[in-house]
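The values are calculated or read from the model by the stated rules, or taken from the named source; none is laboratory data. In this text the structure is predicted, and so the values were computed from the model without any measurement. Reconstructed Cβ throughout: ideal geometry from the backbone, glycine too, with neighbour counts over all protein chains shown.
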Amino acid sequence: MFPAGFAWGAGSSSYQIEGAVTQDGRQDSIWDALCRRSGAIHGAETGAVACDHYNRFAEDVALMKRIGLRAYRFSIAWPRVVSAGSGVVNEKGLAFYDRLVDALLNAGIEPWITLYHWDMPQTVFERGGLLNRDIAQWFADYSVAVVDRLSDRVNHWITINEPQVFISLGYGDGKHAPGLRLSIPEQLLAAHNCLLMHGRAAQIIRSRAKKRPLIGWAPVGRVEYPLVETPEEIEAARTATFAFRDKNFWSNNWFGDPAILGHYPEDGLRLFGSDMPKIDPRDMDVIKQPLDFFGLNIYSGTQIRRGPAGQPEVVPYPPGFPTTTMRWAVAPKSLYWGPRFHYERYKLPIVITENGMAGTDWVQSDGRVHDAHRIDFTRQYLLELARASSDGVPVRGYFHWSVMDNFEWAEGYKERFGLVHIDYATQKRTLKDSAYWYAEVIRTNGDHLSDESPYLNIDAPREAGASAPDVEPEADGHAKRMIETKSSVGRGNAL
Ligand code: FCB
């Protein structure tokens, strides 16, 4: 179902899990600042402690090893590495990532590093942040520090995460850091400067990495998929996936076309018209860098049908349609059509850099977290990804979001996305049933997905009162088979 060497992984980001916000010379980020603003975050919660991963990373890497992860995507906190965002490198901050990388490699887990997952140093913001074109140089300086330090052991690099989200929510409607509500021309400038950040970082990695780098990025994959899979309907969905309807930044190709094709999309330029900042044409040579993979963060999708004049039309989900606790529609087909449409347009291998769901997970009376919904969700999505792979889309990896419950931005701690449950009062970690199930998917390189009801057959831990059932690591570092699957109905023909 999946090619050999497939990167089975899970992801996280620095501000969402690390905590330790004043430890070892870390400076404020725009998220620390937003968390202090009254009413900005659910329950006035903050990332100050989060999962305390900064101090508990060894335990967390051990859990990843028990799941058998082959790869772990995490981000580096810019405000930990470059003091005051000024170019002065904070040795203690960098040393943390050194230790983390070593621990991962010792556990047989490939580190995949994201350079920017939203926690911009507050000082960089105070100097204009994304509205100041110098940010590309500041980001390049920070990238030099990270690449010089870690690229002897790390070769998977992701420049930036989800520009669509940090522009729309951070600079448009103010719900995310830095909490601004700017005009469309200003948002266009911020979006352009973040593309320059991406380009400069890719140049730095390519030219300085000690191990041959594989470079990608992790934009939002907004997927509009055909309700009916006929050629005309597929065409309508493809058009919708890459078309401009409104003046906003929830676009795949406003970011994808410059980064991969070297120009902004024509219909977007027409729509934005005189709102566009003056662009130096040489910027496009910086923004368009050779990439080794196209990362996609895909959680949901929109159903499309072809309207009477051939134009795409959204088919609303009916009342009561399945959603997660984020109220995102459960749309497994997005993991087929998203990769396929993006591969056809950009011709780059695809990596699913995020996919997962938030649910109502708690440690139940038997000490376990029975998250059958997450198993079913992930299984359905992965079967669609397998379909894309067997239809010829070169899919190279899948990163479940998230490895552990964490600080979900403006939603605080109320949304739980993890394979590992976190009790925030005690910092106790508990592997959820989905973690055991995912271990089996990884161990079988996806074959386990053919079992139609694995989530009904999760073995209870034998030890009385055990809250974290044991999976002994095998010699190869991958988790031992834990789940007894009594049924093999559908095996081999589920695709
Ligand atoms: C994505 C973010 C990630 C997490 C998930 C649920 O938009 O990249 O940090 O919040 O959504």
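The one condition from (1) in contact with a strand residue (DSSP E or B) (Cβ under 8 Å, 6 or more places away or on another chain); (2) charged (D, E, K, R); (3) buried (at least 21 other Cβ atoms within 10 Å of the Cβ) that Arg153 does not meet is (3).
I'd like the full set of residues that are crowded, with 22+ Cβ neighbours inside 10 Å and part of a loop (DSSP other than H, G, I, E, B), limited to the range 368-395. The answer is Asp371, and nothing else.
I want to confirm something. Restricting to the range 393-420 and keeping residues that are within 23 Å of Leu34 (Cα to Cα) and of a type in the set (D, E, K, R), which single residue is nearest to the ligand (Cβ to nearest atom)? Taking the candidates together, the pick is Glu408. Looking across the range 204-241, just one residue is among the β-branched types (Val, Ile, Thr), over 15 Å from Val146 (Cα atoms), more than 16 Å from the ligand (Cβ to nearest atom) and surrounded by 21 or more Cβ atoms within 10 Å (Cβ to Cβ), and that is Thr241.
Candidates are the residues of the range 1-54 that are among the aromatic types (Phe, Trp, Tyr) and either under 17 Å from Phe407 (Cα atoms) or within 16 Å of the ligand (Cβ to nearest atom) (or both); the one that is surrounded by the most Cβ atoms within 10 Å (Cβ to Cβ) is Trp31. Filtering the range 396-414 to residues that are buried (at least 21 other Cβ atoms within 10 Å of the Cβ) and among the charged types (D, E, K, R) leaves Arg396, Asp405.
Checking the structure you have, find out if any residue of the range 296-310 is closer than 20 Å to Met197 by Cα, at pLDDT 95 or above, within 16 Å of the ligand (Cβ to nearest atom) and not hydrophobic (A, V, I, L, M, F, W, C). There is at least one residue in the range 296-310 that is closer than 20 Å to Met197 by Cα, at pLDDT 95 or above, within 16 Å of the ligand (Cβ to nearest atom) and not hydrophobic (A, V, I, L, M, F, W, C).
Can you name the residue in the range 252-274 that is part of a helix (DSSP H, G or I) and touching a Pro at 6+ places or on another chain (Cβ under 6 Å) and, of all such residues, is surrounded by the fewest Cβ atoms within 10 Å (Cβ to Cβ)?
In this case the residue turns out to be Asp257.
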